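**Q** The following block contains the structure, expressed as structure tokens.
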Amino acid sequence: MKRVTAFIGSARKQATYEAVREFERNLNSYTEVEFEYVFLKDYRLEFCRGCKLCFDKGEEFCPIHDDRDLLIDKINHSDGVIFATPNYSFQVSAPMKNLLDRLAFVLHRPCFFGKAFTSIVTQGVFGGNSIVKYLDSMGENSGYSVSKGCVLTTLEPITKAAEEKNSRKIKKAAARFYRVLMRPSPPNPSFFRLMMFRMSRTTMKEMLSDEYCDYRHYKEEGWFQSDYYYDVSLNPVKKLAGWFFDFIGHRMSRQS
Ligand SMILES: Cc1cc2nc3c(=O)[nH]c(=O)nc-3n(C[C@H](O)[C@H](O)[C@H](O)COP(=O)(O)O)c2cc1C
């Protein structure tokens, strides 16, 4: 049975929680899922102190000893995750942003390959689309297989028409997530993702050394030689594009 964990960034159990519950009901109509609700407000997660030890030496050197690793364990034991947050001043809520900051080292060393990701944003009126874009991009850059998130307008008192519109959006989002969740292997990268990987790995290979945690990680994973982060069969056009992106990365590192 697939395991899905929802990380909820609201301080209260209302619109965002209800949206996730409806999402879970929809998902369960496709397949039985073991579902966990993680309310970030219930976990001890301090603010990042900006020392960058996680980037430079490794995440195990973080000077803060709180619930970060417990939350990471929850992700590692999931087949899919949902990041659900209210829109607060055109951004994710503070607990959600804090979680993303504390996981920022994953953007340097992506690791959540093969896990499905989606986002749910609730809002009063406006601004949620850019938050979904932001969250989905965080998902992509962390290595997840992303299924596009949804924005729900929950302005109170909510009308019947708005409720029905939200239900339709949740239903579609759950169907998208289900398809990604059931994929047997992570997807073939888009040109953009291939470019990001090849250019960054080439510049890193040429500009860094064993002193750097990112360099050691890329070396250990075999990412300085591989076509992509994980095994994929690139078609001839993508193979060529990959070499071209390596070449551009090489030129960039020589010029800097
Ligand atoms: C501090 C704060 C800031 C908010 N900022 C926005 C905003 O910028 N745009 C918007 O459409 N709604 C905004 N809202 C409304 C919430 O996004 C909306 O009520 C949400 O559904 C609340 O989710 P919850 O019931 O799970 O707490 C804000 C609410 C609060 C409390």
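The values are calculated or read from the model by the stated rules, or taken from the named source; none is laboratory data. Given the structure is predicted, the values throughout are model-derived calculations rather than measurements. Note: ideal-geometry Cβ built from the backbone for every residue, glycine included; neighbour counts use all protein chains shown. With ligands, DNA and RNA removed, areas are computed over all heavy atoms of the protein, side chains included. Shrake-Rupley method; radii C 1.70, N 1.55, O 1.52, S 1.80 Å.
**Q** Relative to the longest principal axis of the C-alpha atoms of the chain, give the angle of the C-alpha long axis of helix 236-255, reported between 0 and 90° and rounded to the nearest 10°.
**A** Once rounded, one gets 70 degrees.
**Q** For region 51-91, with the dipole built from +1 on Lys and Arg beta-carbon atoms and -1 on Asp and Glu ones, taken about the Cα centre, which of 83, 58, 72 lies farthest toward the positive end?
**A** Toward the positive end, the furthest listed residue is 83.
**Q** Kindly report, to the nearest 10 Å², the accessible surface of residue 238 as traced by a 1.4 Å probe over protein heavy atoms only.
**A** Looks like 30 Å² after rounding.
**Q** Could you state the principal axis extents of the C-alpha atoms in region 1-101, from the largest down, to the nearest angstrom?
**A** For region 1-101, the Cα extents along the three principal axes come out at 45, 34, 20 Å.
**Q** Please work out whether region 191-255 counts as rounded, prolate or oblate from its C-alpha gyration tensor, where a ≥ b ≥ c are the square roots of the eigenvalues and a/c under 1.5 means rounded, while otherwise a/b larger than b/c means prolate and anything else oblate? If you can, show how the numbers build up before the last one.
**A** Details: a/c = 2.74, a/b = 1.35, b/c = 2.03.
It is oblate, given that a/c is not under 1.5 and a/b is not larger than b/c.
**Q** In nm, to one decimal, how far is the modelled label at residue 73 from the one at residue 44, with both set 7 Å along Cα→Cβ?
**A** 1.4
**Q** Full-extension gain between residue 162 and residue 193, please, as 0.36 nm times their residue separation minus the C-alpha to C-alpha distance.
**A** Values: separation 31, 0.36 × 31 = 11.16 nm, distance 3.59 nm.
Result: 7.6 nm gained on full extension.
**Q** For the chain, what is the calculated [θ] at 222 nm in deg cm²/dmol (nearest 500), taking -39500 (n - 2.57) for each run of four or more DSSP H residues and dividing by its residue count?
**A** After summing the helix terms and dividing by the residues of the chain, the value is -15000 deg cm²/dmol.
**Q** Taking the solvent-accessible surface of protein heavy atoms with a 1.4 Å probe, what is the per residue accessible area of region 1-55 in Å²?
**A** 57
**Q** Follow-up question, since we're still on this one. Could you tell me what percent of the DSSP beta bridges with both partners in the chain are antiparallel, to the nearest 5?
**A** In the chain, approximately 5 percent of DSSP beta bridges are antiparallel ones.
**Q** I'd like the orientation of helix 160-181 relative to the chain: the angle between its Cα long axis and the longest Cα principal axis, in ° from 0 to 90, rounded to 10.
**A** Helix 160-181 sits roughly 30 degrees off the main axis of the chain.
**Q** Tell me the per residue accessible area of region 80-189 using a 1.4 Å probe; a whole number in Å² is fine.
**A** 45
**Q** Separate question: Determine the dipole magnitude for region 124-210: charges of +1 sit on the beta-carbon of Lys and Arg, -1 on that of Asp and Glu, nothing else is charged, the reference point is the Cα centre, and the result goes in debye to the nearest 20.
**A** In total the dipole reaches around 440 debye.
**Q** Dipole magnitude of region 2-181 about its Cα centre, charges +1 at Lys/Arg Cβ and -1 at Asp/Glu Cβ only, in debye to the nearest 20?
**A** Details: 27 positive and 22 negative charges, 114 e Å.
Rounded to the nearest 20 debye, it is 540 debye.
**Q** Can you work out the accessible area per residue across region 191-255, with the rest of the protein chains kept in place, probe 1.4 Å, in square angstrom? Walk me through the numbers before you get to the answer.
**A** Numbers: 4060 Å² over 65 residues.
Accessible area per residue, region 191-255: 62 Å².
**Q** Among rounded, prolate and oblate, which fits region 116-256 when a ≥ b ≥ c are the square roots of the eigenvalues of its C-alpha gyration tensor, a/c under 1.5 means rounded, and a/b larger than b/c means prolate?
**A** Taking the square roots of the gyration eigenvalues as a ≥ b ≥ c, region 116-256 is prolate.
**Q** If you don't mind, there's one more thing I want to ask. Would you compute, for the Cα atoms of the chain, the largest minus smallest coordinate along each principal axis and list the three values in descending order, in whole Å?
**A** So the extents along the principal axes, rounded to whole Å, are 60, 44, 36.
**Q** How many percent of the accessible area of the chain is carbon or sulfur, using a 1.4 Å probe?
**A** 54
**Q** Next question, about the same structure. About its Cα centre, what dipole magnitude does region 191-255 give when the only charges are +1 on Lys and Arg Cβ and -1 on Asp and Glu Cβ, stated in debye to the nearest 20? Show your work: numbers first, answer last.
**A** Values: 10 positive and 9 negative charges, 70 e Å.
So the magnitude is around 340 debye.
**Q** Just to be sure I understand the model, the point goes 7 Å from the Cα along the line to the Cβ. What's the resulting residue 230 to residue 36 distance in nm?
**A** Simple spin-label model gives 2.0 nm for this pair.
**Q** Tell me the angle of helix 128-142 to the major Cα principal axis of the chain, expressed in degrees between 0 and 90 and rounded to the nearest ten.
**A** Here the helix axis deviates by roughly 40 degrees.
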